[in-house]
Amino acid sequence: MYEQAKDIQTLIESAQKILIIQADNPDGDSIGSALALEQILSDMDKEPLLYCGMDMPTYLRYVIGWDRVSQDFPSAFDLSIIVDASTMALLEKLSAAGYERMLANKACIVLDHHEIVKDTIGFATITINDHTRAATGELIYLLAKQLSWPLSLRTMEYIMIAILGDTQGLSNDLASPQTYRILADMIEAGVDRTAIEQNRREYSKMPPRIYRYKAHLIERTVFSHDNQVASVSISQDEINEFSPLYNPGPLIQGDMLQISGVKVAIVFKNYKDGKVTGAIRSNAGYPIAAKLAERFGGGGHAFASGFKVTDGRSFKDIAADCLQVSDELLNELYKSEN
Ligand SMILES: [Mn+2]
């Protein structure tokens, strides 16, 4: 039970236009949670609006309704709900466009489940950050049950997409017994998990050109620290050429984690303006992803995280540093186990 539930209900009841905000790193949980809330709020006769500062990645476009998410910040709304993020660091697009004050001037609810959060959203009226939940979608389901919100079949489909996204199809440590129960309840209520999965697979198919590009990424994968850390760097030219067709991270990272001995897989992106990003994934038993990202000003989950550095340091230095810290964190983990 969430003690903030009653106050959330009050805020929603007194609002009509409700802006649902996804952070700058939309994933399955982010879009599933946003669209689930959109359904719930429309079923309550509210007027939900969807905003995300980023383009919806192609791999998420199997989710019906993704195209209702606008990159234009609305000129008027009564209340905002930020899903699946509780850091300003992930609302940079919105801040850069000058909308932070507008957001801060209205009531704002934050619903999230990320464990390590820096630079929290100071102007939020109510924040629920429940890191015992596998996904923000799961949190929304529990909140909806607690507040007797309408849960239509479509809403539950979105919640299932959110949960399956963050738990990688119920396959990682984020999924708790309750996560399974919630999924079972939704399947019993008529949600077709198989159809969701088939739809997702269809949309994540790659063009032949991307398949060839994948071979280059495999060739260029660097192994360090006794082959425990696999990493690959992607240049701005490649981002320009291939990212619109397929996100290089998901293209290669799952395979990297399937290499014997590899504990951590890192995909670096080296932008021309000096920005460097790292997407970090780690294997079961090696929960260092969030800690690693945190050292570079980022954050995330124990097994999936990311960071962005824009302090002018060279790509080479940042990448070397990141591999070094990976090594340190793995060593710390081994020490603590002994
Ligand atoms: Mn999430």
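The values are calculated or read from the model by the stated rules, or taken from the named source; none is laboratory data. Bear in mind that the values here come from a model prediction, so they are computed numbers and not experimental data. Every residue, glycine as well, gets a Cβ built from its backbone with ideal geometry; the counts of neighbours run over all protein chains shown.
Here are some notes:
- Members of region 116-159 that are within 20 Å of residue 7 (Cβ to Cβ), of a type in the set (S, T, N, Q) and away from the ligand (no atom under 13 Å from the Cβ): 120, 125, 127, 146, 148
- The condition (being at pLDDT below 95 and farther than 23 Å from residue 84 by Cα) is satisfied by just one residue among 214, 118, 205: 205.
- Test result for residue 316, assigned to a strand (DSSP E or B) and surrounded by fewer than 20 Cβ atoms within 10 Å (Cβ to Cβ): no
- Given (1) free of Cβ contacts under 8 Å to residues at least 24 places away in the same chain; (2) within 16 Å of the ligand (Cβ to nearest atom); (3) under 16 Å from residue 18 (Cα atoms); (4) not hydroxyl-bearing (Ser, Thr, Tyr), index of the condition residue 105 fails: (2)
- Members of region 27-64 found to be modelled with pLDDT of 95 or more, closer than 21 Å to residue 202 by Cα and within 13 Å of the ligand (Cβ to nearest atom), listed by number: 28, 29, 30, 31, 32
- The condition of being among the aliphatic types (A, V, I, L, M) and surrounded by fewer than 14 Cβ atoms within 10 Å (Cβ to Cβ) does not hold for residue 279.
- Checking residue 268 against (1) among the aromatic types (Phe, Trp, Tyr); (2) closer than 14 Å to residue 323 by Cα; (3) not in a strand (DSSP E or B), the condition it does not meet: (3)
- Evaluation of residue 232 against (1) within 18 Å of residue 83 (Cβ to Cβ); (2) in contact with a Ser or Thr (Cβ under 7 Å, 6 or more places away or on another chain) (one fails), failing number: (1)
- Total residues in region 179-215, condition of a type outside the set (Ser, Thr, Tyr) and within 16 Å of the ligand (Cβ to nearest atom): 2
- Residues (more than 15 Å from residue 277 (Cβ to Cβ) and in contact with a Leu (Cβ under 8 Å, 6 or more places away or on another chain)) located in region 304-336: 325, 326, 329
- Within region 149-168, the only residue that satisfies the criterion of being over 13 Å from residue 32 (Cβ atoms) and under 21 Å from the mean Cα position of the chain (by Cα) is 168.
- Enumeration of residues in region 190-229 that are more than 30 Å from residue 32 (Cα to Cα), of a type in the set (S, T, N, Q) and not in a strand (DSSP E or B): 221, 227, 228
- Region 241-258, subset part of a helix (DSSP H, G or I) and over 19 Å from the mean Cα position of the chain (by Cα), residue surrounded by the fewest Cβ atoms within 10 Å (Cβ to Cβ): 241
- Residue 217 satisfies every condition listed in (1) over 25 Å from residue 164 (Cβ atoms); (2) over 25 Å from the mean Cα position of the chain (by Cα) except (2).
- Cross-chain or 6+ apart pairs with Cβ under 7 Å, region 70-89 first and away from the ligand (no atom under 16 Å from the Cβ), then among the polar types (S, T, N, Q) and not in a helix (DSSP H, G or I): 78/16
- Remark: pairs (first residue in region 160-174, assigned by TED's automatic domain parsing to the domain that holds residue 132 and in a helix (DSSP H, G or I); second residue surrounded by fewer than 24 Cβ atoms within 10 Å (Cβ to Cβ) and of a type in the set (Asp, Glu); Cβ separation under 8 Å; 6+ apart in sequence or on different chains) = 164/197; 165/27; 166/27.
- Meets criteria (modelled with pLDDT of 95 or more, closer than 21 Å to residue 92 by Cα and either of a type in the set (D, E, K, R) or within 19 Å of the chain's Cα centre (by Cα) (or both)) for residue 290: no
- Hey, residue 15 modelled with pLDDT of 95 or more, within 16 Å of the ligand (Cβ to nearest atom) and among the hydrophobic types (A, V, I, L, M, F, W, C) or not: no
- Residue selected from region 107-132 under the condition in contact with a Gly (Cβ under 7 Å, 6 or more places away or on another chain) and surrounded by 15 or more Cβ atoms within 10 Å (Cβ to Cβ), by the criterion farthest from residue 298 (Cα to Cα): 114
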